Amino acid sequence: MNEQQALTPLAAGGLLDRRAFLQRSLSFSVATLVSSEALATPENGREPWMEKPGAPFSNYGEPAAHERHVIRWTMGNDKALGNGVSWTPLQNLEGIFTPNGLHFERHHNGVPQIDPKQHKLLIHGLVNNSLVFTLEDLLRYPMHSCYCFLECGGNSNAAWHSEPIQTAVGYFHGMASCSEWTGIPLKLLLDEAQVKGRAKWLIVEGADASMMQVSIPLDKALDDCLLALYQNGERIRPENGYPMRLIVPGWEGVLNVKWVRRIHLAAQPVMARNETAKYTELLPSGKARQFTYVMEVKSLITQPSFGYKLPQPGIYQITGLAWSGRGKIAKVEVSADGGKTWLEAELQEPVLSKCFTRFRIPWQWQGQEAILQSRATDETGARQPAREHLLAARGQHGYFHYNAIVSWEISAQGEIKHVYA
Amino acid sequence: MCMPKLLLIVGLLWVTQAQAESKVPKLGKPAPKELIARWDYDVFPDGTGLPEGQGTVAQGKLVYQQACQSCHGVEGQGGSADELAGARHGLTDNPPDKTIGTYWPYATTLFDFTRRAMPLDRPGSLSNDQVYAVTAYLLYLNHIITADMQVSAKNLASIAMPNRDGFINVYAHEER
């Protein structure tokens, strides 16, 4: 492919061939910037931090001082500070894994300060052997890693509102994060307890002040659930379930019980508050969807997005995240004209099942008004719906499980607004 | 395939299986019955797990005023926390009113959740009788039981909630 071909838009609105960004021909227009900035360099060619020894070693590293604005936004109830959420700043992050300190949070009554020596895991109910495990015991079990996203069932709930919210993408879609979770396949522990034939459900409970509990089908527990002890290589942070949490790959966040201490094998679901009164989706008919476990295929553009201004016409790298609770992402298409035409984006390897997938596509903006959208399809063929289709199927009061296409409107001045398109 | 070869393969499979099992240290200790009894707070829709106890609507009103009202408001409305009663709309209205009376499918859930998680600032501080009583009061506020009723381990599971059949089990309908 020559330079001319690489820069010929393949879809209306200026989207370029996804392979173009890899080519040297696109590293243009940087030269003028460098030459003007070069004049600000000290005469001896050394910046101030090059003229004295640097800082000493640190026991636990922190982000650069200039990056301290990259934080979780927290939203709580003034009268109940531990009951609320914090959001992952997706707009500031790259790659697919979420730094541990920026993983989203949803707590029902605060973060318990657990003494790992006191913490125990109990498995009981319809089992031949009711068992208690200490953390020390569990650390000796065979472990494996699950690279998977976690998404709260209530993520993106502002998008059900009639007017599009104007805030950064992470602050209404950022109850989704992705980590390497390492721990013990739950099946090993259930096999040790010897589950009885009548058991169909696990009632899993956390050691927080709300003793939050949910029902999980036994089939899923035996298939791929993990009792996680590590997150991205280090022991799980307190706000993510220290010293142990359940990982239920691809299923809604509330099932991934943090601070887990009790697993009750039962023939029926317990019908907990958080699987009846909450985390159920009311339909226009007045009936509500219940046990809607799978987080369906979804994607969003993280850059450029709300809060960023395109400084001048030219080439921009559109990038974002896609994921599906049903498996791998098969493709992500991007539109720069509000969905009239679509072009397939590059999927960054590795593309893993039930994991964030990073997509990228270059875009030539010529100063025109534009609407950027992304649309993901997973390996089962499920495709992310348009907002109008999701609303037609679910009404406006479902609150949970919003996965429609996200639209960013670019003005002629390069300003970016969240719109419904 | 000749017999010795087959025996060898069967033997190898057996060894592999044994090795896989031997990787699991099996360190779980038998759980004492008292520990299970103390930890198990689960109350199922059929009433399994309900502890002994009872409470009346009148007793529950006092518990509510002392332990719940500061967040949930007078008679379950107008507080900073979830609305519990006093729905003015149904579930098909815009906006719908989701309260215990209009939305919650099981009375047992009310007992289970209140006992394990409420009040938010002092979870675990109510006795079982107090939880039965406040459950009775909330059912009364939602016009599900009358003012003279008592709620107990014996009758809670049989109290019919208006939205009992309001849910579609999506997981049960999924193709697997």
Cα convex hull of chain A: mean projected area in nm², to one decimal?
24.8 nm²
Please compute, for peptide A:397-407, the average count of beta-carbon atoms on other protein chains lying within 10 Å of each residue's beta-carbon.
1
From other protein chains only, count the Cβ atoms within 10 Å of every residue's Cβ in A:272-281, then give the mean.
6
Report, in listed order, any pair from A:Lys196/A:Lys354; A:Lys117/B:Lys23; A:Lys200/A:Lys287; A:Lys258/B:Lys61 with a Cα-Cα distance greater than 27 Å.
A:Lys196/A:Lys354; A:Lys258/B:Lys61
Treating only the Cβ atoms of Lys and Arg (+1) and Asp and Glu (-1) as charged, compute the dipole magnitude of the protein assembly as shown about its Cα centre; round to the nearest 20 debye.
1140 debye
Using R₀ = 35 Å, calculate the FRET efficiency as 1/(1 + (r/R₀)^6) where r is the Cβ-Cβ separation of A:Tyr60 and A:His161; round to 0.05.
0.30
What FRET efficiency would be calculated for the residue pair A:Glu379, A:Thr8, taking the C-beta separation as r and a Förster radius of 35 Å, to the nearest 0.05?
0.70
Post the alpha-carbon centroid distance, the range A:348-415 to the range A:209-279, in whole angstrom.
29 Å
Can you give the mean number of other chain Cβ atoms that lie within 10 Å of the Cβ atoms in peptide A:75-84?
2
Compare A:Arg19, A:Arg387, A:Arg262 in a GNM of chain A, Cα atoms joined below 10 Å, and give the one with the largest fluctuation.
A:Arg19
To the nearest Å, what is the center-to-center distance of the range A:164-192 and the range A:61-102, using C-alpha atoms only?
14 Å
Low-density loop chymotrypsin sites (Phe, Trp or Tyr not before Pro), the range A:75-144, at most 14 other Cβ within 10 Å, DSSP non-H/G/I/E/B, are none
With angles folded into 0 to 90 degrees, how steeply does helix B:128-141 sit against the dominant principal axis of chain B? Use alpha carbons for both and round to 10.
60 degrees
So the FRET efficiency between B:Leu35 and B:Thr92, C-beta based with R0 = 60 Å and rounded to 0.05, is 0.80
Once amide H atoms are placed 1.01 Å from N in the peptide plane, what residues at a sequence separation of 5 or more from A:Leu150, or on another chain, have their amide H within under 5 Å of its amide H?
A:Ser177, A:Cys178, A:Ser179
Working from Cα positions, state the angle (0 to 90°, nearest 10) between the long axis of helix B:57-67 and the longest principal axis of chain B.
80 degrees
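Bear in mind these aren't lab numbers, they're just calculated from the coordinates by the rules spelled out. All values reported here derive from a predicted model rather than from experimental measurement. Every residue, glycine as well, gets a Cβ built from its backbone with ideal geometry; the counts of neighbours run over all protein chains shown.
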